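Read through the structure below, which is laid out as structure tokens, and then see the notes.
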Amino acid sequence: MAEFIVAIELGSSKITGIAGHKNLDGSITVQAVAQENSAECIRKGVVYNIDKTVQALTSIMKKLEASLKRKVAHVYVGVGGQSIQSVRNTNVRELSADSVVTQDMINSLMDANRSMQYPDKLILDAITQEYKVDNQFQLDPVGIQCSRLEGNFLNILWRKVFYRALKKSFDQANISVLDMYLSPLALADSVLSDSERRSGCVLVDLGAETTTVCIYYRGIVRHLAVIPLGSNNITKDIASLQMEESTAEAMKIKYASAYTDDNALDRTLNYPIDNDRSVPATKFAEIVEARMQEIIENVWCQVPSEFADKLLAGIILTGGGSNMANIETAFRNYTHVDKIRIAKFVNETIKSGNAIVNAKDGRLCTALGILCKGNQNCDGGELSNDLFGRMTEKPTAATEETGKSAASEGVGRVLDQQEQLKPKEEVKKEQPKEDNKPHEEEPKEEHGDGKPTWLQRTLTGLKNFGKKMVAPDDER
């Protein structure tokens with residue numbers, strides 16, 4: 001039986017499907033890559049046209065299966081885009097004197113945090129920041145004696161309507177989703193080193209329509225935000241010179257620079273738009289740099305003040321927008337952070353003969369990061385050549401069940417709807433209640449129309465007759 005993992009990333013410019021096999025040495029062999037233009041169905045990283053998204057997903061699945069010559073039973077999906085934000089939350093538990101913190105107490109704080117309600121928003125993930133034991137901060141407080149336990153969490157939120165649209169798209173495309181992961185966290189796990197996460201850094205994913213900012217310090221995510229600006233905004237600014245966006249995109253790729261030294265700019269130089277028109281290089285540079293400066297300033301505004309002077313590992317840039325010339329210089333000038341690195345590829349060893357993968361230009365880093373997260377076989381068996389070759393049945397409960405314990409908080413995995421309800425149930429269990437030992441009941445058998453059967457009516461009649469026989473005379 002073949003073994004491979006399939007990951008799908010829904011980007012603002014392209015939807016990418018990628019299949020790969022995890023080798024024993026820890027490397028990954030990419031076996032297939034499929035892409036579809038998403039400009040008409042994905043906006044700011046979220047689904048806005050479900051029908052066209054379903055068409056794109058179906059096309060990607062067919063391409064992957066054709067390359068693999070196998071059915072794809074399940075996929076892993078990355079969640080990102082507009083409206084994702086992080087919100088801090090604190091839960092406190094007063095304890096009796098000389099109490100010792102237990103794992104159950106920690107789990108109780110986590111469940112209470114998970115049960116928080118945010119209007120129209122869903123908690124995608126909850127990341128523990130630290131615990132305050134009396135007046136001391138601890139990462140692992142189990143076993144410490146205290147009278148007050150405080151848990152500080154970072155909740156990652158997303159609008160419920162976006163989650164429902166995403167889920168509906170995969171349901172209508174008849175694609176079984178094994179797990180959903182937060183794309184920014186999957187990306188960070190693949191392009192950042194342990195040292196960078198510990199020392200403090202800002203990861204900036206420069207996408208087509210969004211720029212994602214993720215701040216790490218002491219190995220923990222401290223802030224996450226998505227800015228609704230990207231490289232497409234630069235393209236549209238160039239297109240304001242009265243040209244097609246396709247022409248503007250080509251000019252951006254060929255001539256654009258995030259920063260240009262005034263002394264090095266040839267003021268007599270013109271860039272051709274078409275056979276009859278051209279734009280002065282100085283004006284072109286002003287258009288590009290103005291928008292680039294806006295993006296960088298918005299990125300830097302997302303860095304909390306308490307971490308601004310703790311970013312010893314600097315800024316790490318990735319994504320398609322990081323390919324622009326002099327991007328490091330632009331960030332260095334506007335943020336005054338000297339240490340800038342461009343992550344063109346993931347840290348894992350990737351083997352592939354695919355030109356898109358081997359380009360190593362930062363565009364596939366998120367998709368590869370999601371692929372690295374997968375750990376279950378997505379093979380659905382041999383591909384049939386008949387009209388109904390695609391597997392259409394739903395996954396079994398065994399493959400669909402992906403329970404999440406409190407100890408696995410903050411790994412970037414998105415909870416499904418059933419798991420979202422678990423914390424609320426756990427919180428209710430802590431309240432005093434009577435013994436809920438189930439009472440034995442006689443088996444009930446009903447007809448399809450809901451009416452009791454002849455046997456059930458007979459048993460009920462005998463039971464009532466017996467009660468009358470033993471009842472006192474005044475009750476008969």
Taking the Cβ of Lys69 as the centre, find all other residues whose Cβ is under 13 Å away and add up their charges (Lys, Arg: +1; Asp, Glu: -1). +1
Please state the relative contact order of the stretch 242-368 as a whole percent: Cα pairs under 8 Å, 6+ residues apart? 24
Per residue accessible area of the stretch 199-309, 1.4 Å probe, in Å²: 47
Potential lengthening between Ala308 and Asn23 on full extension [0.36 nm per residue; Cα-Cα distance subtracted]: 98.6 nm
Mind giving me the nanometre distance, one decimal, between the label points for Ser67 and Ala165, set 7 Å out from Cα along Cα→Cβ? 2.7
With r defined as the distance between the Cβ atoms of Ala264 and Ala97 and R0 fixed at 60 Å, what FRET efficiency is calculated, to the nearest 0.05? 0.30
Quick check on the stretch 1-82: of the DSSP beta bridges with both residues there, what percent are antiparallel, nearest 5%? 85
Given a Förster distance of 30 angstrom, what is the FRET efficiency for Val87 paired with Asn135, based on the Cβ-Cβ distance and rounded to 0.05? 0.75
Sort out for me the Cα centre separation of the stretch 130-195 from the stretch 255-328, rounded to whole Å. 33
For the stretch 287-382, which whole percent of the accessible surface, found with a 1.4 angstrom probe, sits on carbon and sulfur atoms? 45
Whole-Hz ³J(HN,Hα) from phi, Karplus 6.51 cos²θ - 1.76 cosθ + 1.60, for the stretch 214-220, glycine and proline x: 10, 10, 10, 7, 6, x, 10
Quote to one decimal, in nm, the extra length available between Glu245 and Asp120 on full extension: 0.36 nm per residue of separation minus the C-alpha distance between them. 41.5 nm
Taking the stretch 42-126, how many lysine pairs are there with alpha carbons less than 18 Å apart, if each pair must be eight or more places apart or span two chains? 6
Under a Cβ-Cβ cut-off of 12 Å, what is the net charge of the residues other than Val133 that fall near it, where Lys and Arg count +1 and Asp and Glu count -1? -1
Determine the sum of side-chain charges near Gln82: Lys and Arg each +1, Asp and Glu each -1, restricted to other residues whose C-beta is under 9 angstrom from that of Gln82. +2
Using 0.36 nm per residue, how much length does the chain from Glu3 to Cys301 gain when fully extended, once their Cα-Cα distance is taken away? 102.8 nm
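The values are calculated or read from the model by the stated rules, or taken from the named source; none is laboratory data. Worth saying up front: this structure is predicted, and the values here are computed from it rather than measured. No Cβ is skipped: glycine too gets one built from the backbone with ideal geometry, and neighbour counts run over all protein chains shown. Just the protein is used for accessible areas: all its heavy atoms, side chains included, with ligands, DNA and RNA removed. Shrake-Rupley method; radii C 1.70, N 1.55, O 1.52, S 1.80 Å.
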